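To keep things clear, I will list the structure first and then write my remarks on it.
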Amino acid sequence: MITSLEIEQPRSPRSLREFVTQLKESVRSDEHERHLGIQKKGLYKEYLDELVPLSCFAVLAYPECYTVKPILGNQGYDALVFDQTGKEFDRIEITSPHNGAAAATEAKFVVNHGWARMPGGEPGDDFDAQFPHVLATCYKKAAADYSDCTLVIAVAPMPPFESFEGRYEEQIVALRREIAQIKFKAKRVFLLLLPDRVINVHG
């Protein structure tokens, strides 16, 4: 259901976002594909870890007259951005920090049982639990040279429960502060809170 040719098709920011959401709906309606997606098998890893956050970031960061071309592979960036004249404007490196082992275990459980387990604890604990993985990934990225790239750090905490919005905002401020202390070799660094909030960290 998903091919590299489709992924790498140049699109406007809005068209890219529409492609991503339409593909998500198609996958949901097909059990086999849905299970592949849950377990991030095949190109679904790139789709979930790169294409989804890229599409969210693109609509927030670039004009609709620009073109975004996702690039698969290990070339040091995940997408090229071209301005309205067709000139290269930006390169984007997407990183989606997460606890890989825990995510794989939970994905297998969902496929086998048909439902997901809810984490225990207080509202916001899930966000706190992401901090070590986010920071470890950031330090790893800081060791590489992305001087010609915009680095986007994508995280997906659960939306705050009513009356816990204050803690959520404090967590965002704390995470940004920790990331800002890291010296990246990147043109710009953004924290992307999926699906629709971008916070400038550097640049």
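Read-outs: derived from the displayed coordinates by stated rules, not from any lab. In this text, all values refer to a predicted model and were calculated from it rather than measured experimentally. Heads up, the Cβs are rebuilt from the backbone with ideal geometry, glycines too, and the neighbour counts pull from every protein chain shown.
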Practice task
Out of all DSSP beta bridges with both ends in the chain, state the antiparallel percent to the nearest 5.
Solution key: 55 percent
Exercise for the section: Determine the dipole magnitude for the stretch 4-202: charges of +1 sit on the beta-carbon of Lys and Arg, -1 on that of Asp and Glu, nothing else is charged, the reference point is the Cα centre, and the result goes in debye to the nearest 20. Expected result: 440 debye
Exercise for the section: Sum -39500 (n - 2.57) across every DSSP H segment of at least 4 residues in the chain, then divide by the residue count to get the 222 nm mean residue ellipticity, nearest 500. Expected result: -13000 deg cm²/dmol
Problem - Charge dipole of the stretch 4-202 about the Cα centre (unit charges at C-beta), most positive-ward option of Ala144, Pro97, Ser55 - result: Ala144
Completion exercise
In nm, the gap between the two label points placed 7 Å beyond Cα toward Cβ at Glu165 and Cys65 is 3.6 nm
Exercise for the section: Counting only trypsin sites (Lys or Arg not before Pro) that are in a DSSP loop and have at most 10 other C-beta atoms within 10 Å, tell me the longest site-free stretch of the chain. Expected result: 1-86
Practice task
Quote the charge dipole size of the stretch 35-87 about the Cα centre in Debye, to the nearest 20; the model charges only the Cβ of Lys and Arg (+1) and of Asp and Glu (-1).
Solution key: 180 debye
Handout entry: Where Rh is the Kirkwood radius over Cα pairs, Rg/Rh for the stretch 11-87
Key = 1.02
Exercise for the section: Counting only chymotrypsin sites (Phe, Trp or Tyr not before Pro) that are in a DSSP loop and have at most 15 other C-beta atoms within 10 Å, tell me the longest site-free stretch of the chain. Expected result: 1-114
Completion exercise
One would report the Cα pair-distance distribution of the chain, bin width 10 Å, in %, as 8, 33, 36, 21, 2, 0
